[in-house]
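A quick write-up on the structure given underneath.
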Amino acid sequence: MGNDDKKIEKVIFVCENNLFLSPMAESMFRNSGGAEDIEVISRGLVVLFEEPINPKVNLLLTSHGKDLCKHGNSCQLKKEDITEKTCVFTMTLGEKVKVMEEYGAQIVYTLGEFSGINVDIINPYGKESEAYEEAFGLLDMCIQASESKIKSLNGGIGMIAIGCDHGGYELKQEIIGYLDVNDIPYNDFGCYDNKSCDYPVYAKAVANSVAKGECEKGIIICGTGIGVSMTANKIPGIRAALCHDTFSAEATRLHNDANVLTMGARVIGPGLALKIVDTFLNTEFSKEERHQRRINMMENS
């Protein structure tokens, strides 16, 4: 997302009712200095009427030496809040799924997922004060871990779209671990468990994200890698390559400028898969005239 026309212009922190977690996250992000040149707001998914944020927000912020929250009353998330240059952070996986399905947002993460801490942050409403401190601590940890990644959204580091069906779920988790360790930003389009599901749903989600320029490259895994490859290549602008060895992964980047990698979790093990991913992501297109000419012929056929 290094081009100016693809830059993130707005970050929205979302929780259920916009009374504690999302305004807290908004304030913490502002305190981190991450809000430069980016509009930052917070919204709720179920705001029946506007009301002041939980007073514990400012109590916790000031007790930890942070600036006061200037959020105002709670606000309902609306479809018009989200553009193709908006990045949404939710507190839980359920909220992420809702934002994607009901609001059509494409660049959506749970805050825990994006930070690499991989936790849902649960609303402490109605619980003892220790629960509020715990929620604050999790938010603070996630914001700090995410600060450089959030800034990298506009810093030229390619966002990776990743998805799978039930057959590829376990391998997808291994690859996400690799992305986290290497501080590579990604958007996980599901699936989110190993229950039986339809691979075209997730292959299309990843491919569309890459085709629209929201993510630089994509990785899709199913049992063999064949079905997701066929599906992804139906999307205009996608050059999905099925690779089960590092030579193919290198060659398809050098020669075909492939923008989506597909693999079969029932064909290769995680060790080889991670080497393939590493090769694919770290090999640049050669830009040789003969290869560009052939790509143009593919695209214009």
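What the table below lists for this structure:
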read-out	value
Residues (outside any helix (DSSP H, G or I) and touching a residue at least 40 places away in the same chain (Cβ under 8 Å)) located in the range 249-292	259, 260, 261, 262, 263, 264, 265, 266, 267
Residue count, the range 170-210 (criterion: buried (at least 23 other Cβ atoms within 10 Å of the Cβ), under 15 Å from residue 114 (Cα atoms) and in contact with an Asp or Glu (Cβ under 7 Å, 6 or more places away or on another chain))	1
Options 248, 229, 286: the member that is modelled with pLDDT under 95, more than 28 Å from residue 8 (Cβ to Cβ) and of a type in the set (Ser, Thr, Tyr)	286
Only one of 83, 110 that is in contact (Cβ under 8 Å) with a residue 24 or more places away in the chain and hydroxyl-bearing (Ser, Thr, Tyr)	83
Every residue from the range 212-232 that is crowded, with 19+ Cβ neighbours inside 10 Å and part of a helix (DSSP H, G or I)	227, 228, 229, 231, 232
Residue check, residue 92 surrounded by fewer than 21 Cβ atoms within 10 Å (Cβ to Cβ), within 15 Å of residue 44 (Cβ to Cβ) and among the hydroxyl-bearing types (Ser, Thr, Tyr)	yes
Of all residues making up the range 110-140, the number that are part of a helix (DSSP H, G or I) and either more than 18 Å from the chain's Cα centre (by Cα) or at positive phi (or both)	11
Qualifying residues in the range 34-50 (those that are within 21 Å of the chain's Cα centre (by Cα) and part of a loop (DSSP other than H, G, I, E, B)) - the one modelled with the highest pLDDT	45
Set 167, 65: member being surrounded by 15 or more Cβ atoms within 10 Å (Cβ to Cβ), small (Gly, Ala, Ser) and more than 24 Å from residue 8 (Cα to Cα)	167
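Here's the yes/no breakdown for (1) under 18 Å from residue 270 (Cβ atoms); (2) out of contact with any strand residue (DSSP E or B) (no Cβ under 7 Å at 6 or more places or on another chain); (3) not aromatic (Phe, Trp, Tyr):
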| position | (1), (2), (3) |
| --- | --- |
| 179 | yes, no, yes |
| 187 | no, no, yes |
| 195 | no, yes, yes |
| 204 | no, yes, yes |
| 209 | no, no, yes |
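Okay, residues lined up against (1) at negative phi; (2) at pLDDT below 90:
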{"residue": "10", "(1), (2)": "yes, yes"}
{"residue": "18", "(1), (2)": "no, no"}
{"residue": "32", "(1), (2)": "yes, yes"}
{"residue": "82", "(1), (2)": "yes, no"}
{"residue": "108", "(1), (2)": "yes, no"}
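The values are calculated or read from the model by the stated rules, or taken from the named source; none is laboratory data. Just so you know, these numbers come straight off a predicted model, no measurement behind them. Positions of Cβ are backbone-derived with ideal geometry, glycine not excepted, and every protein chain shown enters the neighbour counts.
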